[in-house]
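To start, the structure itself, in structure tokens.
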Amino acid sequence: MRLSVKLVVVFALVGVVGLWLVNILLMNAIPTPKRLTQGLEVNYSVSDAEFARSLQAFAQLPVASGNALTHLEDGEAIYAAKIAAIENAQYSVTFEVYEFYGDRAAKPMAEAFARAAQRGVAVHVLLDFVGSVRADNDWFVMMEDAGVNLHRYHAPSWYNLTNLNYRTHRKIMVIDGRIGFVGGANVGNDWIAEDGFSFRDHHFRIEGPVVSSIQAVFSDNWLNATGVLLEGQRYYPELDEVGDVTLQMVKSSPSEGHHRIRALKLYALAAAEQSFTATTAYFYPDDTFLEAILEARERGVEVRILLSGEEMDKGFVRNAGVNRWRDILAAGVEIYKYDEAMYHAKFLIVDETWSTFGSSNLDNRSFRINDEANLLVWSPDFTRELLDIVQQDMRVALRFTLDDWHQRSWYVRMYGRIASIFGAHY
């Protein structure tokens, strides 16, 4: 009898603890509430001073003129440029990325970080924990032994399970506080061609005053993660104007209640008068964003979206997203599927006048869960250069029509319905 009572007590305690753990898991996995819940209606365009003043203030980082950018296309060119910059670093290297893996991609970069640290450069590497689980632990040991300041961002712990869901999705690097890199590419073997296949992506090397803002975005997360403030000449030197492009950095940290990326894209969509062209790896926006797209079409705005097709690395996201496309396709939105490779670039171009690029997709993870970083482009000439890049990719993509949507098989539709249950976590 006593044994039975003890077993009942033990099972009861296990049940209580189990329910407590499940509750914590569920509560920590649920995204924080959206901050902008109402659609926007404005009577000016992205080329008006009113739009510039409002968005520049909202981004909370300075607008910087006099910048120069170099376009880097696909992984091999992106990684070669980054490693060359690391090899030439004299004072500091700061690096933040989501995915970091692969002996042909991450290992050479880890070795470059180690060499820089060994010659006395202050090297700070911030890797998302989830995104770097495929990395070889020997690379981490090598970097730390060489003197690299390495931190795995949001490593899970029993007392803070929020870390399981909130991740840094940023892809930024700064060399000596003078050269910055921003774009869509992570560091992984999938970005390096093998048998003619690699992820399609775009990145930019940046010089000029805006690099201080890129550094500030890294430093903010580094401070949050490590408690260490990066300051002084080696991180923030005086920067001269070197080009003619005006840029502004913007960061989004939903875990801290900042949903700037989502809000600025809704704002840009509301201000669009002629065209709204976006590229994204994943297209699963919330209902408010879909309604804003429909309102833009009602105003006569041409809406084009380029995204991954059959090569998407997360097929469940694609099928869940497609289930939500009927109304926007019926309204005349043009959706293009890039089937040449997994399409990973993230651009947004409005009225061929204003644009933004960086790490953020058009999905709920970017809008509500991940830490993201984008550059806003306030120069129409450079915006048109970005549009040319997107249109080149769009020429080899296939348009997905309303007829295609209706002709999907029943099991593809069912797959999408099941996957959409978890849509808020994409």
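What follows is calculated from the coordinates using simple rules that are stated; it is not laboratory data. Remember, it's a predicted structure, so these values are computed and weren't measured experimentally. For neighbour counting, all protein chains shown are included, and Cβ atoms are generated from backbone atoms with ideal geometry for every residue, glycine included.
A few notes on this one:
- Separation of the GLN392 and ASP145 label points, Cα + 7 Å toward Cβ, nm: 4.2 nm
- Working from Cα pairs under 8 Å separated by at least six residues, relative contact order for the chain is 19 percent.
- Value at 222 nm in deg cm²/dmol, rounded to 500, when DSSP H runs of n ≥ 4 in the chain each add -39,500 (n - 2.57): -11500 deg cm²/dmol
- If you take the alpha carbon atoms of the stretch 79-237 and fit the smallest convex hull around them, that volume is 111 Å³ per residue.
- Ordering ALA59, PHE140, ALA216 by the projection of their Cα atoms onto the charge dipole of the chain, which places +1 on the Cβ of Lys and Arg and -1 on the Cβ of Asp and Glu, puts PHE140 at the extreme positive end.
- Taking every alpha-carbon pair under 8 Å whose residues sit at least 6 apart, the stretch 205-309 reaches a relative contact order of 22 percent.
- Relative contact order of the stretch 46-148: 27 percent, from C-alpha pairs under 8 Å at least 6 residues apart in sequence.
- Tail beyond 33 Å, pair distance distribution of the chain (Cα, percent): 35 percent
- Scalar couplings 3J(HN,Hα) for the stretch 186-193, obtained by applying the Karplus form with A = 6.51, B = -1.76, C = 1.60 to θ = phi - 60°, are 7, 10, x, 4, 5, 8, 10, 4 Hz; x denotes Gly and Pro.
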